[in-house]
Each structure stands twice: as structure tokens, then as C-alpha cells.
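The structure under discussion appears below in the form of C-alpha cells.
The values are calculated or read from the model by the stated rules, or taken from the named source; none is laboratory data. Predicted, not measured: the structure shown is a model, and the values here were computed from it. Neighbour counts run over all protein chains shown; Cβ positions are idealised from the backbone, glycine included.
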Amino acid sequence: MERVEIEGREPTPEQLLAVTSAYGHFTAMQVRDGKTRGLALHLERLASSNHDVYGAGFDPERTRSLIRHILEETRDASVRVYIHRGDDRPITVVTARPPAEMTGPLRLRSVAYLRPDPHIKHVHTDQGHYREVAQRAGFDDAVLTAPDGRLSETTMANIGFFDDAGVIWPHAPMLEGITKQLLERHGPQHGIAMRSRPVHVRELDGLTGAFVSSARGIGRVSSIDAVQLDTPEDRIDALRQVYAAVPWDLI
């Protein structure tokens, strides 16, 4: 069952509506045994977005205390930290839901759309619309593309591709996901080469496969539009092993 706190307190329905209807940005993490991966990166994201969106500072220790407060005795959870626009200062909303893991394989539908200010993980964009349209058409999610056909990200995760040389991250406007950053940092230490270049829809047939990454983990992509991707399970397993080896940080 989801729990919601505004500045460490359970809100009234009126308070919740007033805050969450305002513009905001957020970060999402999986918590296990009171720990999460990439905690410093999550806090850096919130600090950077607070500066870009509100021109405001950010208190990482207070944010950690708000996360600990909503968890209480809960050790495993899906946690989101939202920072919404307030009357005189940004307002922090923390939510906790049951823990979640990546599912798959995923069938993706390409759509011509890029999130505004894609380097910010913000609310109130049209990406949810495209996800729902894709799902009504029988797909699991949508993958966003630039006007020139470059693939960018899905509506909820980063996407990467395989070729004989290693992992390719698409070079396009996107959010630098926490899991993506952790894979880039730790993958080469496990012998997995990674690079970034433009990846176009038209070249999917020539790639070895694709995957998505988010706090929930690594998921295999089985198709994009009508292109079937025979993504090798051993390549996915290798990335999962890299992610599993990333240290957990105490919140």
C-alpha cells in the first residue's frame, strides 16, 4: 500500500492535491534492507534539478531523513522523492510503495517525441500519454525518438543496444538515469565495453539486441516496432551481474 508524506507529515487530501498538481521533479529508487544503489547520484540529481528548476538550494541530509521517516520499520520499498513548487519554497513529497523488479521481455513502439528539458526527471509531460497509446496497441512501452529518427529513451527507462564491440548508449537528448550511470561506471571493470553514438530506427536490424535499465534492474527488449531483436540472454545476464555487484548505500 502506498504511503505519502509531505515534509515528513501525512497530508490531508486537500494538501496532497494542492502540492502534487504543481510542477515538480523527482527521483525514483529501489530500497532493500534500508539501502539503495547510487544514493549520491540520486541526491546530486535532486540538487541539480532544484537549481535548474527553482534556482534553489538542496539539503541532502534532510532528504535522507525524510526517506528514513517514511520507511520507519519497512526495509524494502519503491521510494520516490518529489520536489514540487510551493508558494515560497520548494516542497518535498516522499512516497513509498511495495518493492518492484524489472519485467520482460519488452515490446516497444517508437514514437516521435522527446521530453522537454530531458536532462530533468520532471512530472507533467506527455510521455505517459505515449506509453498508454503504445500499450493499447499491444506494446509494453514506447521508445522516444528525435525528429531525425534517433532513438533516445523509453517513457520510463534508458535504452541501450548491443553489437559485437559491446554496449551502445544512444547519443540523443535523454535523462542520464542512475542505473545507466552505474553501468557506465562499473561495466568496463567487468570487461564490458561501453560507448555512445547516435542510434537510428532504420539500423535496428543490424544490431545484436537491446535492453532497458532503470532502478528496477535490467530488462531484455524483444522487439521495436516490427523489428524482432534476438537479444542474447547471456549479454543481459552479464549486465545484470554488473548491476548486482554495485554496492548498496545506507540511507
Original post:
Which residues, counting only those in the range 153-179, are of a type in the set (D, E, K, R) and either more than 15 Å from the chain's Cα centre (by Cα) or within 17 Å of Pro247 (Cβ to Cβ) (or both)?
Top reply: Asp163, Asp164
Original post:
Just wondering, is there one or more residues in the range 119-135 that are in a loop (DSSP other than H, G, I, E, B), at positive phi, in the same structural domain as Leu229 (by TED's automatic domain parsing) and not aliphatic (A, V, I, L, M)?
Top reply: yes
**OP:** Kindly establish whether Arg37 is buried (at least 20 other Cβ atoms within 10 Å of the Cβ), in contact with a Leu (Cβ under 9 Å, 6 or more places away or on another chain) and not assigned by TED's automatic domain parsing to the domain that holds Ser214.
**Re:** yes
Original post:
Residues in the range 98-109: is at least one touching a Pro at 6+ places or on another chain (Cβ under 7 Å), farther than 16 Å from Ser48 by Cα and among the polar types (S, T, N, Q)?
Top reply: no
Original post:
Can you spot a residue in the range 213-223 that is out of contact with any helix residue (DSSP H, G or I) (no Cβ under 9 Å at 6 or more places or on another chain) and crowded, with 21+ Cβ neighbours inside 10 Å?
Top reply: yes
**OP:** Go through the range 102-114 and give me each residue that's farther than 19 Å from Gly138 by Cβ and at pLDDT below 95.
**Re:** Met102
Original post:
Can you name the condition, by its number, that Ala18 falls short on among (1) assigned to a helix (DSSP H, G or I); (2) among the small types (Gly, Ala, Ser); (3) at pLDDT 95 or above?
Top reply: (3)
Subject >> Pick from the range 224-240, criterion touching a Lys or Arg at 6+ places or on another chain (Cβ under 7 Å) and in contact (Cβ under 8 Å) with a residue 60 or more places away in the chain, ranking: surrounded by the most Cβ atoms within 10 Å (Cβ to Cβ) >> reply: Thr231
Original post:
How do the pairs read when you match residues in the range 16-33 that are among the charged types (D, E, K, R) with residues anywhere that are in a strand (DSSP E or B), using Cβ under 8 Å and keeping only pairs 6 or more apart or on different chains?
Top reply: Arg32/Trp248; Asp33/Trp248
**OP:** Run Pro116 past the list (1) surrounded by 17 or more Cβ atoms within 10 Å (Cβ to Cβ); (2) within 30 Å of Ser223 (Cβ to Cβ); (3) not acidic (Asp, Glu) and report the number of the one that doesn't hold.
**Re:** (1)
**OP:** All but one of (1) within 25 Å of His51 (Cβ to Cβ); (2) touching a Leu at 6+ places or on another chain (Cβ under 9 Å) hold for Tyr113, so report the exception by its number.
**Re:** (1)
**OP:** Please identify the pairs in which a residue from the range 201-217 that is on the phi > 0 side of the Ramachandran plot has its Cβ atom under 7 Å from the Cβ atom of a residue that is in a helix (DSSP H, G or I), counting only partners at least 6 apart or on another chain.
**Re:** Gly209/Arg235; Gly217/Arg240; Gly217/Tyr243
Original post:
Would you say Arg89 is outside the structural domain of Gly177 (by TED's automatic domain parsing), outside any loop (DSSP other than H, G, I, E, B) and more than 19 Å from Glu153 (Cβ to Cβ)?
Top reply: no
**OP:** Output the strands (runs of 3 or more DSSP E) that fall wholly within the range 139-251 and possess 3 or more residues being farther than 23 Å from Arg80 by Cα, among the basic types (Lys, Arg) and at pLDDT 95 or above, or say none.
**Re:** none
